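Below: the structure, in structure tokens.
Every number here is computed from the coordinates shown, using simple stated rules; none is lab data. Source: prediction; values computed, not measured. Positions of Cβ are backbone-derived with ideal geometry, glycine not excepted, and every protein chain shown enters the neighbour counts.
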Amino acid sequence: MIRVGIIGSTGYAGAEIARLLLGHKDTEIRFLVSRSFAGQPYEDIFRNLFTIIEKDCEDISLKEMADEADVIFTATPQGYLQGVLSGDILDKCRIIDMSADYRIKDVSVYEKWYSLEHHSPELLNEAVYGLTEVNRDAIRKARLIANPGCYTTCSILTAYPLMKEHLIERDSLIINALSGVSGAGRGAKIANLFCEVNESAKAYSVATHRHTPEIEEQLGLAYGEDLTVQFTPHLVPMHRGILATEVAKTVRKVSYEEIKDVYDKYYAKERFIRVLKKDMCPETRFVEGSNYLDIGFKIDERTGNIILMGALDNLEKGAASQAVQNFNVMFGFAEEEGIDMIPMVP
């Protein structure tokens, strides 16, 4: 029986991890940690779990939890984990972190984009970037997983095979991505109120979004050289979903069959990545509530560009279910255990 702790259990990602693990074999949720809701019954906060989780939220430290948990999910803001994690804690339990604290290997880049001092940079090289389909072998042996976010998972995996095969010009990638409101978290913010987002769409953090260096680092590793991307996020009035539309110049004239063969080379055996049929475009509604990433592409003969499209559920493959997918790999479970959900329509 794997003993699990969840810090940040009352946020959207933390609550989704708890829900998924309830359907996971040989797993016990030992700790539900929330400083804001300490002492309150979890079922009172998330009524979907009424009579299903009969535990109270606790305010307990990471160090204390490590003595009793085999793995701890940290669904916490940037800065929390890197301020309290140590090698001694990792000697006792494994960590799957949902923040950006260990995603970026260059500490100066992290500190620049997040305006935070990093307090445990010695752990950065040990942390494994948790894109399961890319880093599965390293994840199996990892003590510390830096679980990617929603924009990054969608943007990176959609372009990864073509970057790996050098089929698009290195610095030509332009990414426009749309996110549902739950991607902003559960905290109260005026900009995310219903009246502020309903019947509207907007770009935000233009040219400054903090996921940009993460996308660049991972696609640069795929390409084999440092690269730059133009990334622009947008907020749209839906609960869940990420849709990324990525445009790049191809290095030469390519055919549909050639590009499809490249995607099949990397993803044909992947349970949770679906490369769609020709001329079929991904839609967020067809991945909602699932761990699937749907990918489509279109070659524009007129411009010499290729348009890549990816869609996923930001709370699932973009957060919680990907974290559980990594958990499964780490502990030797079947990769689909607890996350084999068919997308919900409507």
Sorted largest first, the C-alpha extents of region 151-312 along its principal axes in whole angstrom are 47, 30, 29
Inter-part gap, Cα centre of region 225-284 to Cα centre of region 129-172, in whole angstrom, is 13 Å
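How much length is gained on full extension from Asp91 to Asp300, taking 0.36 nm per residue of separation minus their Cα-Cα distance? Provide the component values of the computation, followed by the final result.
Numbers: separation 209, 0.36 × 209 = 75.24 nm, distance 5.19 nm.
Taking 0.36 nm per residue and subtracting the Cα distance, the gain is 70.0 nm.
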Against the 2.2 N^0.38 Å rule of thumb, the C-alpha Rg of region 24-68 sits at a ratio of 1.22
Once the mean of 1/r over all distinct C-alpha pairs in the chain is inverted, the Kirkwood radius in Å reads 20.5 Å
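Among residues other than Asp106 whose Cβ falls under 12 Å from its Cβ, what is the net charge (Lys/Arg +1, Asp/Glu -1)? Could the numbers behind the result be given before it?
Values: positive: Arg103, Lys105, Lys112; negative: Glu111, Glu214, Glu216, Glu217, Asp226.
Summing Lys and Arg as +1 and Asp and Glu as -1 gives -2.
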Simple SL model, points at 7 angstrom along Cα→Cβ for Arg252 and Asn192; separation in nm is 4.7 nm
Between Asn125 and Thr51, the FRET efficiency computed from the C-beta separation at R0 = 41 Å comes out, to the nearest 0.05, as 0.35
Total charge of the residues flanking Lys265 in space, meaning their Cβ is under 13 Å from its Cβ, with Lys and Arg +1 and Asp and Glu -1, is -4
Region 70-228: spread of alpha-carbon positions along the three principal axes, whole Å, largest first, is 49, 43, 26
Between Asp264 and Lys105, the two model label points (7 Å from Cα along the beta-carbon direction) sit apart by a distance in nm of 3.3 nm
Under a Gaussian network model of the chain whose springs join Cα atoms within less than 10 Å, the largest fluctuation of Val247, Val206, Val236 belongs to Val206
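Return the subset of Lys249/Lys269; Lys105/Lys141; Lys265/Lys298; Lys164/Lys249; Lys202/Lys278 for which the Cα-Cα distance in this structure is over 20 Å, preserving the input order.
Values: Lys249/Lys269 27 Å; Lys105/Lys141 18 Å; Lys265/Lys298 18 Å; Lys164/Lys249 15 Å; Lys202/Lys278 30 Å.
Table pairs above 20 Å Cα-Cα are Lys249/Lys269; Lys202/Lys278.
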If each K or R counts +1 and each D or E counts -1, the residues other than Glu16 whose Cβ falls under 12 Å of its Cβ total +2
In nanometres, the difference between 0.36 nm per residue of separation and the alpha-carbon distance of Phe286 and Lys112 is 59.0 nm
For the pair Arg140 and Ile174, the simple spin-label estimate (label points 7 Å beyond Cα toward Cβ) gives in nm 4.2 nm
